[in-house]
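> Quick one: this structure, given as structure tokens, is what I'll be asking you about.
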Amino acid sequence: MGSLDHQQPKLPIIDFTKQKLESADDWLSTRQQVVSALEEFGFFIAKCDKVSLQLHQEIFSLSKELFDLPTETKVLNTSDTPSLGYVGQVPSVPLFENLGIENATTTESVEKFTNLLWPSGNHHFSETVLSYAKLVSQLDQTVMKMVSESYAIEKHYKPLQESMSYLLKLNKYRPAKESERNIGIVPHTDKSFMTILHQNQVKGLEIKMKDEEWILIDLSPSSFLVMAGEAIMAWTNGRIEAPQHRVIMSEEEDRYSLGLFTFIRDLKIEVPEELIDEDHPLQFRPFDHYKYMHFIYSEEGRKSESPIKAFCGI
Ligand SMILES: O=C(O)CCC(=O)C(=O)O
Ligand SMILES: [Fe+2]
């Protein structure tokens with residue numbers, strides 16, 4: 001396991017800085033830490049120097065600029081997939097707002113989003129978002145290379161990787177008023193394949209550990225929370241589980257966070273035969289990720305305690 005942090009003794013922290021991955025030995029030992037952390041916790045904190053402090057500051061200052069736009073502008077961002085466009089002013093989570101950019105690693109789609117929200121253009125926004133999404137997607141690719149190598153399922157990962165789409169969600173949470181509950185986002189597991197979260201200096205994200213304790217996550221500008229979603233849980237036949245997490249707003253300042261989520265488009269996610277054996281009987285049927293996204297908002301999905309199991313569990 002990676003180094004242990006004094007304030008967060010229970011959390012797996014893994015060093016992904018350039019020097020750490022250069023030699024074959026470092027690669028193998030980091031790979032081992034990644035897979036053990038994902039199997040034991042469903043997440044880890046990656047220390048990573050890809051995003052400079054300047055880019056970190058710029059993207060959060062642009063997030064503020066984005067959420068400061070009028071609501072009638074923000075609602076222009078729509079999506080065919082539920083919850084991926086604009087979410088805000090929801091009575092059960094009044095502190096929370098988010099805007100999603102689908103295919104955030106492609107110039108075309110980031111520019112489309114930017115031009116929708118700033119019809120007279122905002123080149124700085126599109127440039128910054130694109131470089132952030134590309135850099136963080138590299139961290140996802142490194143992690144997934146390690147996971148698929150470690151399970152010897154690279155040949156099954158390749159087609160998924162080719163069908164991978166990156167959704168960047170920009171989130172804002174305002175502090176609660178006296179009369180309000182301070183829940184920013186209710187406990188949930190992500191519906192993505194994988195998620196990488198990053199935040200400004202205002203804390204609030206909590207993860208439920210296997211012992212049921214909620215732990216507050218503190219992320220420095222060079223730390224990213226790499227977390228399993230339900231799709232990788234199904235793909236790995238339950239070896240890696242998606243952890244529950246929530247946001248509680250106890251600070252007086254607005255909190256901004258960024259989530260880079262991977263989704264698989266136009267290809268069924270199927271458990272590799274290498275991950276099925278006597279000890280691990282097949283738990284999930286092949287499924288379409290975007291159909292699953294629609295299912296969770298259907299009546300049956302909403303009623304279900306575990307929508308992924310209801311959708312494609314055996
Ligand atoms: O804001 C955060 O840190 C968490 C956001 C989150 O859980 C989500 O967007 O799914
Ligand atoms: Fe989440």
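The values are calculated or read from the model by the stated rules, or taken from the named source; none is laboratory data. Quick caveat: nothing in here was measured; it's all calculated off a predicted structure. Note that we place each Cβ from the backbone using ideal geometry, even for glycine, and neighbour counts take in every protein chain shown. Please note that ligands, DNA and RNA were not included when accessible areas were found on the heavy atoms of the full protein model with its side chains. Shrake-Rupley method; radii C 1.70, N 1.55, O 1.52, S 1.80 Å.
> Which of the residues that make up segment 240-266 are hydroxyl-bearing (Ser, Thr, Tyr) and either touching a Pro at 6+ places or on another chain (Cβ under 9 Å) or within 25 Å of residue 161 (Cβ to Cβ) (or both)?
Going through segment 240-266, the residues hydroxyl-bearing (Ser, Thr, Tyr) turn out to be 250, 256-257, 262.
Answer for segment 240-266, where residues must be hydroxyl-bearing (Ser, Thr, Tyr) and either touching a Pro at 6+ places or on another chain (Cβ under 9 Å) or within 25 Å of residue 161 (Cβ to Cβ) (or both): 250, 262.
A quick yes/no check of all residues on (1) more than 30 Å from residue 179 (Cβ to Cβ); (2) touching a residue at least 60 places away in the same chain (Cβ under 8 Å):
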| position | (1), (2) |
| --- | --- |
| 15 | yes, no |
| 39 | yes, yes |
| 46 | yes, yes |
| 60 | no, yes |
| 65 | no, yes |
| 73 | no, no |
| 81 | yes, yes |
| 86 | no, no |
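> List pairs: first residue in segment 168-184 and closer than 13 Å to residue 256 by Cβ, second residue within 16 Å of ligand 2 (Cβ to nearest atom) and of a type in the set (Ser, Thr, Tyr) anywhere in the structure, Cβ distance under 6 angstrom, at least six positions apart or on different chains.
Going by the 6 Å Cβ cut-off, the qualifying pairs are 171/257; 172/256; 184/173.
> Going through segment 229-239 one residue at a time, which ones are within 11 Å of ligand 2 (Cβ to nearest atom) and touching a Pro at 6+ places or on another chain (Cβ under 9 Å)? Walk me through how you get there before you give the answer.
Initially, segment 229-239 is screened for residues within 11 Å of ligand 2 (Cβ to nearest atom), giving 229-230.
230, the sole residue that qualifies.
> Select from segment 182-198 the residues that are part of a strand (DSSP E or B) and either within 12 Å of ligand 2 (Cβ to nearest atom) or farther than 30 Å from residue 265 by Cα (or both) and list them in ascending order.
Keep residues of segment 182-198 that are part of a strand (DSSP E or B), which gives 183-188, 194-198.
Passing the criteria: 183, 184, 185, 186, 187, 188, 194, 195, 196, 197.
> Give the number of residues within segment 202-213 that are in contact with a strand residue (DSSP E or B) (Cβ under 9 Å, 6 or more places away or on another chain) and away from ligand 2 (no atom under 14 Å from the Cβ). Lay out the reasoning, then the answer.
If we filter segment 202-213 for residues that are in contact with a strand residue (DSSP E or B) (Cβ under 9 Å, 6 or more places away or on another chain), which is where we start, we get 202-209.
Checking which are away from ligand 2 (no atom under 14 Å from the Cβ) leaves us with 202-203, 209.
Of the residues in that region, 3 qualify.
> Among what's in segment 234-274 and is among the aromatic types (Phe, Trp, Tyr) and within 12 Å of ligand 1 (Cβ to nearest atom), pick the residue that is surrounded by the fewest Cβ atoms within 10 Å (Cβ to Cβ). Lay out the reasoning, then the answer.
At the first step, the residues of segment 234-274 found to be among the aromatic types (Phe, Trp, Tyr) are 235, 256, 261, 263.
Checking which are within 12 Å of ligand 1 (Cβ to nearest atom) leaves us with 256, 261.
Working: 256: 22, 261: 25.
Only one residue fits best here, namely 256.
> Residue by residue through segment 241-279, note down the ones that are part of a loop (DSSP other than H, G, I, E, B), in contact (Cβ under 8 Å) with a residue 60 or more places away in the chain and within 16 Å of ligand 2 (Cβ to nearest atom).
Scanning segment 241-279 gives 241, 242, 243, 249.
> Give the residue, chosen from 137, 131, 120, 126, that is surrounded by fewer than 16 Cβ atoms within 10 Å (Cβ to Cβ) and not in a strand (DSSP E or B).
Details: 137 fails: surrounded by fewer than 16 Cβ atoms within 10 Å (Cβ to Cβ); 131 fails: surrounded by fewer than 16 Cβ atoms within 10 Å (Cβ to Cβ); 126 fails: surrounded by fewer than 16 Cβ atoms within 10 Å (Cβ to Cβ).
Answer to the check: 120.
> Would you mention how many residues in segment 150-181 are within 23 Å of residue 83 (Cβ to Cβ) and either more than 16 Å from ligand 2 (Cβ to nearest atom) or in contact with a Pro (Cβ under 8 Å, 6 or more places away or on another chain) (or both)?
8
> Here is a follow-up. Taking only segment 232-269 into account, find how many residues are more than 25 Å from residue 158 (Cα to Cα) and over 15 Å from the mean Cα position of the chain (by Cα).
Adding up the residues that qualify gives 8.
> Residue 123 passes all but one of (1) more than 26 Å from residue 35 (Cα to Cα); (2) touching a residue at least 24 places away in the same chain (Cβ under 8 Å); (3) not polar (S, T, N, Q); which number fails?
That leaves (2) as the condition not met.
> Still on this structure, please answer the following. So, in segment 190-205, of the ones that are open to solvent by less than 30 Å² (accessible area, probe 1.4 Å) and farther than 19 Å from residue 143 by Cα, which residue ends up nearest to ligand 1 (Cβ to nearest atom)?
205
> Being modelled with pLDDT of 95 or more, open to solvent by 40 Å² or more (accessible area, probe 1.4 Å) and in contact with a strand residue (DSSP E or B) (Cβ under 9 Å, 6 or more places away or on another chain) narrows it down to one residue among 175, 187; which is it?
Details: 175 fails: open to solvent by 40 Å² or more (accessible area, probe 1.4 Å).
Of 175, 187, the one residue that is modelled with pLDDT of 95 or more, open to solvent by 40 Å² or more (accessible area, probe 1.4 Å) and in contact with a strand residue (DSSP E or B) (Cβ under 9 Å, 6 or more places away or on another chain) is 187.
> Let me ask you something else. Across segment 206-221, which residue is least open to solvent (accessible area, probe 1.4 Å) among those that are part of a strand (DSSP E or B) and hydrophobic (A, V, I, L, M, F, W, C)?
Quick first cut of segment 206-221, residues part of a strand (DSSP E or B) only: 206-208, 214-216.
From what is left, the residues that are hydrophobic (A, V, I, L, M, F, W, C) are 207, 214-216.
Values: 207: 0, 214: 63, 215: 27, 216: 75 Å².
Once the filter is applied, the top-ranked residue is 207.
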